[in-house]
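First the structure, in the form of structure tokens, and then the observations on it.
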Amino acid sequence: MARYLLPIVLVAILIPIFVIGLGRNPNELPSPFIGKPAPQFELPTLKDPSKTIGTADFANQTVLVNVWATWCVGCRQEHEFLLSLANSGAIPIYGINWRDTPLEARRWLDQLGDPYVAGAGDRDCRLGIEC
């Protein structure tokens, strides 16, 4: 009897989860950070490590801050879109390279194109949520 009851209980638990999932907009990415100010940071630029960029450089502006890495498959996939967005002039894009050497990051941007107004390196993982 119990072996017949267990699948019924599991289905009864899963149905509300599926119904809730079907009611959500698949184009929306839920995030607790949307509409919130960016965390304060200042990092060395990729092109000249003696200079820095940070939140003070785009205070009171709407900008796109893209965190990327040379080893990130999704970053490579979205790169063409970022290039076209940058070329459209719709919004300034700042890039933060995560956990690569500056040389690796510059080489990647030289090969694929640089969509960023300015780029910084976060090799030491100062901005990462989980490092």
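Of everything in region 1-54, what is among the hydrophobic types (A, V, I, L, M, F, W, C) and touching a strand residue (DSSP E or B) at 6+ places or on another chain (Cβ under 8 Å)? Give them in sequence order.
Residues satisfying the conditions are Ala38, Phe41, Leu43, Leu46, Ile53.
Take region 88-104 and flag every residue that is aliphatic (A, V, I, L, M), within 12 Å of Leu46 (Cα to Cα) and under 16 Å from the mean Cα position of the chain (by Cα).
Listed by number, the list holds a single entry, Ile96.
What pairs can you find where one residue is in region 83-96 and under 11 Å from Thr62 (Cβ atoms) and open to solvent by 30 Å² or more (accessible area, probe 1.4 Å), the other is of a type in the set (A, V, I, L, M, F, W, C) and part of a strand (DSSP E or B), and their Cβ atoms are less than 7 Å apart, with a gap of 6+ or different chains?
Ile91/Leu64
Among Ile53, Ile34, which is the only one that is outside any loop (DSSP other than H, G, I, E, B) and β-branched (Val, Ile, Thr)?
Values: Ile34 fails: outside any loop (DSSP other than H, G, I, E, B).
On inspection, the qualifying residue turns out to be Ile53.
Checking the structure you have, find out if any residue of region 43-64 is closer than 22 Å to Leu109 by Cβ and under 14 Å from the mean Cα position of the chain (by Cα).
Scanning region 43-64 turns up at least one residue that is closer than 22 Å to Leu109 by Cβ and under 14 Å from the mean Cα position of the chain (by Cα).
Can you report the number of residues in region 56-82 which are exposed (fewer than 12 other Cβ atoms within 10 Å of the Cβ) and in a helix (DSSP H, G or I)?
5
Among the residues of region 83-107, write down those that are outside any helix (DSSP H, G or I), under 22 Å from Arg126 (Cβ atoms) and touching a strand residue (DSSP E or B) at 6+ places or on another chain (Cβ under 6 Å).
Listed by number, the residues that qualify are Ile93, Tyr94, Gly95, Ile96, Asn97, Trp98.
Specify the residue that is modelled with the lowest pLDDT; the eligible residues are those in region 85-109 that are touching an Asp or Glu at 6+ places or on another chain (Cβ under 8 Å) and hydrophobic (A, V, I, L, M, F, W, C).
Result: Trp98.
The values are calculated or read from the model by the stated rules, or taken from the named source; none is laboratory data. Only a predicted model underlies this, so the values are computations on that prediction, with no experimental measurement involved. A quick note on method: Cβ atoms are made from the backbone with ideal geometry, for glycine too, and the neighbour counts reach across all protein chains shown. In case anyone asks, the SASA skips ligands and DNA or RNA and just uses the protein heavy atoms, side chains included. Shrake-Rupley method; radii C 1.70, N 1.55, O 1.52, S 1.80 Å.
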